[in-house]
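Just below is one structure, and these are the notes that go with it.
The values are calculated or read from the model by the stated rules, or taken from the named source; none is laboratory data. From a predicted model like this one, the values you see are computed outputs, not experimental measurements. All Cβ positions, even for glycine, are placed from backbone atoms using ideal geometry, and neighbour counts span all protein chains on display. Calculation scope for accessible area: heavy atoms of the full protein, side chains included, ligands and nucleic acids excluded. Shrake-Rupley method; radii C 1.70, N 1.55, O 1.52, S 1.80 Å.
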Amino acid sequence: MHEMSLCEGVLRILEEQAEVQGYSQVRRVTLEIGMLSTAVPESIELCFGAVIRGTLADGATLEMVRTPGEAWCKKCAASVPVKERYSPCPRCGGFELNLTAGDGLRIKELEVD
């Protein structure tokens with residue numbers, strides 16, 4: 001389950017930023033999770049709860065926002081929505097797509113004290 005290591009990475013970022021920005025408690029974390037990422041939101045939620053126990057984020061609320069997939073079609077020379085990896089361009093049917101959004105996970109917002 002790679003979601004555990006993803007959550008551990010989020011916690012490392014929270015701890016590093018606590019030192020830099022001077023906060024001592026994390027109340028809420030909002031994550032953006034791309035629809036094309038391999039992260040499973042239900043697993044992220046479960047792992048996040050386990051990883052934050054006894055840390056500066058203990059008891060923090062986790063919110064997740066799903067972001068749609070998007071790609072640049074070389075044939076159309078346009079940005080197009082993508083629902084699945086390796087699917088054809090919805091405009092021209094071509095397969096020369098470069099993903100530009102929707103395949104990552106990032107911290108979008110924090111509420112801290």
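Numbers for the structure displayed
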| item | result |
| --- | --- |
| Pairs where the first residue, in the stretch 49-71, is free of Cβ contacts under 8 Å to residues at least 60 places away in the same chain and within 30 Å of P81 (Cα to Cα) and the second is among the polar types (S, T, N, Q) and open to solvent by less than 70 Å² (accessible area, probe 1.4 Å), C-beta under 7 Å, 6+ apart | E63/T30; V65/T30; E70/S79 |
| Total residues in the stretch 40-51, condition surrounded by fewer than 18 Cβ atoms within 10 Å (Cβ to Cβ) and not hydroxyl-bearing (S, T, Y) | 7 |
| Pairs with Cβ under 8 Å, 6+ apart, first in the stretch 91-113 and over 26 Å from P41 (Cβ atoms) and of a type in the set (K, R), second open to solvent by 70 Å² or more (accessible area, probe 1.4 Å) and outside any strand (DSSP E or B) | none |
| Count - residues of the stretch 64-113 that are exposed (fewer than 15 other Cβ atoms within 10 Å of the Cβ), under 30 Å from E16 (Cβ atoms) and in contact with a Pro (Cβ under 8 Å, 6 or more places away or on another chain) | 2 |
| Near pairs, Cβ below 6 angstrom, 6+ apart or cross-chain, from the stretch 19-34 (under 19 Å from G59 (Cβ atoms)) to any residue that is open to solvent by 20 Å² or more (accessible area, probe 1.4 Å) and among the basic types (K, R) | T30/K108 |
| Condition met for T55 (open to solvent by less than 60 Å² (accessible area, probe 1.4 Å), out of contact with any Gly (no Cβ under 9 Å at 6 or more places or on another chain) and of a type in the set (S, T, N, Q)) | yes |
| Among the candidates C89, C76, residue that is at pLDDT below 95, touching a Cys at 6+ places or on another chain (Cβ under 8 Å) and assigned to a loop (DSSP other than H, G, I, E, B) | C76 |
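One line per residue, one yes/no per condition, for (1) among the hydrophobic types (A, V, I, L, M, F, W, C); (2) in a strand (DSSP E or B):
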{"residue": "T30", "(1), (2)": "no, yes"}
{"residue": "T38", "(1), (2)": "no, no"}
{"residue": "M64", "(1), (2)": "yes, yes"}
{"residue": "N98", "(1), (2)": "no, yes"}
